[in-house]
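*Asks:* Just dropping this structure here.
Laboratory data are not the source of any read-out in this text; all were calculated from the coordinates shown. Everything numeric in this text was worked out from a predicted model, so none of it was measured. Note: ideal-geometry Cβ built from the backbone for every residue, glycine included; neighbour counts use all protein chains shown.
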Ligand SMILES: CC(C)(COP(=O)(O)OP(=O)(O)OC[C@H]1O[C@@H](n2cnc3c(N)ncnc32)[C@H](O)[C@@H]1OP(=O)(O)O)[C@@H](O)C(=O)NCCC(=O)NCCS
């Protein structure tokens, strides 16, 4: 599935993640996480896409892959499993665009809620998620590397028109 929305960054496009993307995905993954996912993890997640329980996407600016993100569907929930942007491309709205795609997809799939875990010190990511209506709902102690706590965040009412209105406002407010 591809989304034909207007984008703030010239020539930002998104497409479904494929095996051929993984070399570049892993380059980014290894730059941004202390415990990066392995090639094997991505392969197994991509395999799950076939039964519809996952959705992974990549974002390009022209012919450079700048980020990727993914969802796991379980019951009426969509779980954001991973979202990452090349450090050189951060702060320019790439993650916002990917979250818009994931949120629209979750709405279209009839999900009632979206959820994710985020490192308690990761304020950049938490601010991004707040804009999409995620609120903190609990803590998983020592979730990361057996030291850092994870904040569990939820966005409810993903299946409502109010949620779509929030997404439209995010699209309107982004800098051009
Ligand atoms: C978290 C992460 C994905 C955010 O990616 P990003 O592309 O930098 O995010 P965005 O640019 O969309 O949004 C970040 C900020 O940039 C600002 N911004 C958005 N578009 C912008 C633009 N065109 N120009 C300047 N700033 C912009 C936004 O206001 C936003 O600030 P706010 O969320 O505090 O309001 C990225 O920092 C990352 O990959 N981190 C490492 C991996 C990680 O921690 N992932 C999350 C795991 S839970």
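*Asks:* Is the C-alpha gyration tensor of segment 75-117 telling us rounded, prolate or oblate? Criteria: a/c under 1.5 is rounded; beyond that, a/b larger than b/c is prolate, otherwise oblate.
*Replies:* Prolate is the answer for segment 75-117, as a/c is 1.5 or above and a/b outweighs b/c.
*Asks:* What does the highest-first list of 59-69, 97-107, 41-51, 23-33 look like by mean Cβ count within 10 Å?
*Replies:* Ranked by mean Cβ neighbours within 10 Å, highest first: 97-107, 59-69, 23-33, 41-51.
*Asks:* Further question: May I ask for log10 I(q)/I(0) of the chain at q = 0.16, 0.17 Å⁻¹, from a Debye sum over the Cα atoms as equal point scatterers with solvent left out?
*Replies:* Reported log10 I(q)/I(0), two decimals: -1.00, -1.15.
*Asks:* From the square roots a ≥ b ≥ c of the eigenvalues of the alpha-carbon gyration tensor of segment 31-124, which class results: rounded (a/c under 1.5), prolate (a/b over b/c), or oblate?
*Replies:* rounded
*Asks:* Let me have the 222 nm mean residue ellipticity of the chain computed from DSSP H runs of 4+ only, each contributing -39500 (n - 2.57), with the sum over all residues rounded to the nearest 500. Write down the numbers at each step before the final one.
*Replies:* Details: 5 runs with 59 residues, N = 176.
Result for the chain: -10500 deg cm²/dmol, rounded to the nearest 500.
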